[in-house]
Every structure is written in C-alpha cells, then in structure tokens.
Amino acid sequence: MPANTTLAQDQDTLLKLWAAMGGAKQTLTNGSDDVSKWKGIRVSGGRVYSIDWRECKLPLSGVISKEIGNMRELTWLALYGNSLSGEIPKELGNCTKLNICYLHQNKLSGVIPKEIGNCTALTTLRLDSNELSGVLPPTIGNLKNVT
C-alpha cells in the first residue's frame with residue numbers, strides 16, 4: 001500500500017471498482033504497487049483524479065459499484081464503450097468535483113439517480129446508448145455547466 005493514507009484508500013477503492021466491473025487485478029495494476037502506473041489512472045497531490053477505463057480491450061462487463069462514491073477528488077471518469085450493466089450508483093453524487101463523466105455505450109439500466117445533481121462541477125455528462133428508463137430527475141437542473 002502507498003504511504004499516503006488517502007492514496008491507499010483510493011487504491012483499495014480502485015481494486016474494488018475494477019473487480020466489480022469484471023476486471024482481473026493483474027490487468028489493472030500491470031504488476032505495480034504504484035497507483036499512478038495503473039491502467040487509465042492519473043494521480044495528483046496524492047489522490048486519484050482520473051479514471052479512464054474506456055473501450056477496454058477485454059470489455060468490462062460487471063457493474064459500477066457504490067465504491068465510486070469514495071473517489072472524492074475524481075474530476076474525470078470515462079467508462080464508455082464497455083458492457084457495464086446495472087444501475088448508475090447514487091454514490092456517484094459524492095464525486096462533487098467531477099468535471100467529465102462518460103458512461104455512454106454500455107448496458108446501464110434503471111433511472112438516473114437524483115444524486116447526480118450534486119455533481120455541480122460537471123461540464124460534460126454522457127449517458128446515451130444505454131438502457132436507462134424513467135424521466136430525468138429534477139436535480140439535473142443543478143448541473144448549470146453541462147453543455
């Protein structure tokens with residue numbers, strides 16, 4: 001584990017997220033304990049700020065676990081072009097620094113959680129090409145910077 005406690009927590013969360021999405025640990029870590037060398041991960045200031053697991057060669061086919069809500073410094077999340085299923089976890093709303101969120105081209109279902117409205121730093125939100133249902137939550141109006 002990294003010496004930095006918060007980076008260690010991020011590392012643990014990443015391993016849980018990757019496993020829930022059906023990824024093998026070795027594929028993510030490339031045999032390294034250094035989180036900044038892991039597949040699609042960017043670190044700054046001792047925290048993970050970017051997860052880019054889009055269009056994985058072996059498409060991720062599990063779910064986005066509620067653990068995503070532990071990634072409080074996340075500004076970039078790209079999971080598109082996989083085969084992720086299940087609902088968008090309401091805990092994504094804990095990622096209030098998120099600027100870019102690409103979840104399109106998966107098999108996500110259910111409704112868009114109202115907690116997405118907590119992500120007021122969002123400038124880009126892509127949820128198209130999924131199996132989502134229901135109406136947009138009123139809290140989507142909180143996303144004033146989405147273009």
First select every other residue whose beta carbon is under 11 angstrom from the beta carbon of LEU132; then total the charges, Lys and Arg +1, Asp and Glu -1.
-2
Calculate, in nm to one decimal, what LYS66 and VAL146 gain on full extension: separation in residues at 0.36 nm each, minus their alpha carbon distance.
26.5 nm
Across the stretch 94-110, in residue order, what do the Karplus-derived ³J(HN,Hα) couplings come to in whole Hz, using 6.51 cos²θ - 1.76 cosθ + 1.60 with θ = phi - 60° and x for Gly and Pro?
6, 8, 6, 9, 4, 9, 10, 9, 10, 10, 5, 6, 10, 10, 5, 10, x
What does the charge count near CYS95 come to, summing +1 for each Lys or Arg and -1 for each Asp or Glu among other residues with Cβ under 11 Å from its Cβ?
-1
Sequence gap at least 6, Cα distance under 8 Å: using those rules, report the relative contact order of the chain to the nearest whole percent.
16
Could you pull out every residue, at least 5 positions away or on a different chain, whose amide H is within less than 5 Å of the one on TYR49? Hs are placed 1.01 Å off N in the peptide plane, and Pro or chain starts have none.
ARG42, VAL43, SER44
Hits among lysines - C-alpha to C-alpha of LYS16 under 19 Å, sequence gap 8 or more where chains match:
LYS25, LYS37, LYS39, LYS66, LYS90
The chain: D in µm²/s via Stokes-Einstein (Kirkwood Rh, Cα pairs, 10 °C, 1.306 mPa s)?
104
Could you give the nm distance between label points at SER44 and LEU136, where each point is 7 Å from its Cα heading toward the beta carbon?
2.9
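Throughout, read-outs are computed from the coordinates displayed, never taken from laboratory work. This is a predicted model, so every value here is computed, not measured. For neighbour counting, all protein chains shown are included, and Cβ atoms are generated from backbone atoms with ideal geometry for every residue, glycine included.
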